[in-house]
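Remarks on the structure that follows.
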Amino acid sequence: MAHIDWIKERQAFLATREAERESARQRLALQILCGEDLDTIITLSAADRLNYCRRLKRLIERERIKGGKGHWSYDLNRHIGLKQALDTLQKSMQVSVRAD
């Protein structure tokens, strides 16, 4: 294998690993705080997904306030995971609207 091929494979591996890490962060934050699975939420009706979006926005706001006040229970990874989960859920809603 050529050196260029090794570099491309390494970059692909690192990108895949980072995507899996982000997905795990989202799923863990949702599982801990909401008791729900992201795949289950995505398959729900549009109205239910909208309710989950509202719920996630409230949770994100609560995390932001805790972080701003320097509260001991604030967790940046949880905050990031919730935001990424909200983004994923909003993207799934846009895709389903376009498909309809």
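The values are calculated or read from the model by the stated rules, or taken from the named source; none is laboratory data. Not measured: the values here are computed from a predicted model. Cβ sites come from the backbone with ideal geometry, for glycine too, and all protein chains shown count toward neighbours. What goes into the accessible areas is simple: the full protein's heavy atoms, side chains included, and nothing from ligands, DNA or RNA. Shrake-Rupley method; radii C 1.70, N 1.55, O 1.52, S 1.80 Å.
If the condition is being under 10 Å from the mean Cα position of the chain (by Cα) and polar (S, T, N, Q), then segment 1-39 contributes Ser23, Gln26.
Kindly provide the set of residues from segment 1-38 that are of a type in the set (Asp, Glu) and surrounded by 10 or more Cβ atoms within 10 Å (Cβ to Cβ), ordered by number. Don't jump to the end; show me each part of the working.
Going through segment 1-38, the residues of a type in the set (Asp, Glu) turn out to be 5, 9, 18, 20, 22, 36-37.
The answer is Glu9, Glu18, Glu20, Glu22, Glu36, Asp37.
Pairing each residue of segment 42-54 that is closer than 14 Å to Leu30 by Cβ with any residue that is acidic (Asp, Glu), provided the two are 6+ apart or on different chains, yields C-beta distances under 9 Å for Tyr52/Glu36.
Starting from residues that are part of a helix (DSSP H, G or I) and among the hydrophobic types (A, V, I, L, M, F, W, C), keep the ones in segment 71-82 and report whichever is nearest to the chain's Cα centre (by Cα). Please lay out each step first, then the result.
Filtering segment 71-82 for residues part of a helix (DSSP H, G or I) gives 76-82.
Now drop any that are not among the hydrophobic types (A, V, I, L, M, F, W, C), which leaves 76, 80, 82.
Working: Leu76: 13, Ile80: 8, Leu82: 6 Å.
My answer is Leu82.
Among the numbered conditions (1) part of a helix (DSSP H, G or I); (2) open to solvent by 40 Å² or more (accessible area, probe 1.4 Å), the only one that Ile41 does not meet is (2). The set of residues in segment 44-70 that are outside any helix (DSSP H, G or I) and surrounded by 12 or more Cβ atoms within 10 Å (Cβ to Cβ) contains only Leu44. Of all residues in segment 79-100, those being at pLDDT below 85 and either on the phi > 0 side of the Ramachandran plot or of a type in the set (D, E, K, R) (or both) number 2.
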